[in-house]
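**Q** Provided herewith is a single structure, encoded as structure tokens, for subsequent inquiry.
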Amino acid sequence: MPELRITVIDPAGLHARPAAKFVQAASRFSSAISIGNGDRFVDAKSLVALLSLGVRPGSQVVLRAEGADASGALLALATELAPYVEPVSGQPGGRETA
Amino acid sequence: MVGLVIVSHSRLLADGLREMVEQVAGPEVAVATAGGTDDGRLGTSALLIEAAIRSADSPDGVLVLLDLGSAALSLELALEALEPQLRSRVTVSQAPLVEGAVLAAVQASLGDPLARVAEAAAAAAGMSKLPGA
């Protein structure tokens, strides 16, 4: 399953506005997409679930997608989060990025 | 796309929440407000609520969120004034106003049906103010 690890650097963590844009972007894909903080994973297409993760500055979040458009979804979501996270190295594929 | 109506005793509160909701969810969602009385005092007005519902209405329906107390009475009067067809596509949310409006607006922006938008708003009741704390 394609997976992407990213570190949130925005001083406000993942706050309401970027979280909403993230959910809107995730919902455009048919793949099942989840986002995890620590060992807790939630549906990336649900704003209430995403806000419940409590993503803080320095949190490392993991995005997982499963489905026909999984890789495209991770790429789009990484782009959506770009202003709030450390630059992502590597391509979303079947392996973890460093 | 489902429209939203924010009912509050305070015009400032309703307008401020609309500003916040629009910034989070984006400009596509219709958000109408009914804040304060007809003559600008603190309170609620059936007439303003009715007008807000008509303004936010779409074939996909309207979700109404309210603050507290007599807002429910004014809303009841407003709903009685609507023709049955319009009334049938209005759902009243029990959700806390701020979180409920934000969650509902984002869900509506996804193009989801009224039941899903109402469900998203309802989830606000269980939200932690200090997630992860």
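The numbers here are math on the coordinates, done by the rules we state, and not lab data. As the structure is a computational prediction, the values presented were derived from the model and not from experiment. Methodologically, a virtual Cβ is constructed for each residue, glycine included, from the backbone with ideal geometry; neighbour enumeration extends over all protein chains shown.
**Q** Tell me the mean residue ellipticity at 222 nm calculated for the protein assembly as shown from its helices only (DSSP H runs of n ≥ 4, each -39500 (n - 2.57), averaged over every residue, nearest 500).
**A** Only helices count here, giving -12000 deg cm²/dmol.
**Q** Got a sec? Charge dipole of chain B, +1 on Cβ for Lys and Arg, -1 for Asp and Glu; which of B:GLY61, B:GLY3, B:ALA104 is way out at the positive end?
**A** B:ALA104
**Q** Then there is this: Apply 1/(1 + (r/R0)^6) to the Cβ-Cβ distance of B:ARG87 and B:ASP38, taking R0 = 22 Å, and write down the FRET efficiency to the nearest 0.05.
**A** Calculated value: 0.50.
**Q** From the residues B:VAL31, B:LEU77, B:ALA124, which one has its Cα farthest along the dipole of the protein assembly as shown in the positive direction, the dipole being from +1 and -1 charges on Cβ of Lys/Arg and Asp/Glu about the Cα centre?
**A** Going by the Cα projections, it comes out as B:ALA124.
**Q** Could you compute the net charge surrounding A:ALA32? Neighbours are other residues with a C-beta less than 15 Å from the C-beta of A:ALA32; K and R count +1, D and E count -1.
**A** Here the charged neighbours net out to -1.
**Q** Under unit Cβ charges (Lys, Arg +1; Asp, Glu -1), what dipole magnitude, rounded to 20 debye, does the protein assembly as shown have relative to its Cα centre?
**A** 460
**Q** Another one. Let a ≥ b ≥ c be the square roots of the eigenvalues of the Cα gyration tensor of the protein assembly as shown; is it rounded (a/c under 1.5), or, if not, prolate (a/b larger than b/c) or oblate?
**A** prolate
**Q** What relative contact order, as a whole-number percentage, does chain B give when Cα pairs under 8 Å and 6 or more residues apart are counted?
**A** 29
**Q** Stretch B:LEU68-B:LEU47 to full length: gain in nm at 0.36 nm per residue minus the Cα-Cα span?
**A** Full-extension gain reported as 5.8 nm.
**Q** Average partner chain C-beta neighbours within 10 Å, per residue of B:108-114?
**A** What the average comes to for B:108-114 is 2.
**Q** On average, how many beta carbons from a partner chain sit within 10 Å of the beta carbon of a residue in A:43-53?
**A** Mean number of neighbouring Cβ atoms from other chains: 5.
**Q** Between beta-carbons, use under 12 Å as the cut-off and find the net charge around A:GLU80, counting Lys and Arg +1, Asp and Glu -1.
**A** Cβ neighbours under 12 Å give a net charge of +3.
**Q** Another question about this same structure. Give me a single rounded figure for B:61-72: the average over its residues of other chain Cβ atoms within 10 Å of their Cβ.
**A** What the average comes to for B:61-72 is 0.
**Q** Still on this structure, I have one more. Treating the beta-carbon of each Lys and Arg as +1 and of each Asp and Glu as -1, no other charges, what is the dipole magnitude of chain B about its Cα centre, to the nearest 20 debye?
**A** 200
**Q** By per-residue mean of other Cβ atoms within 10 Å, what is the highest-first order of B:39-45, A:67-73?
**A** Final packing ranking: A:67-73, B:39-45.
**Q** Measure off 7 Å from each Cα along the Cα-to-Cβ vector at A:ASP10 and B:MET20, then give the distance between these two points in nanometres to one decimal.
**A** Placing both labels 7 Å along Cα→Cβ, they lie 1.7 nm apart.
**Q** What whole number of Å gives the distance from the Cα centroid of region A:1-74 to the Cα centroid of region B:20-41?
**A** 29
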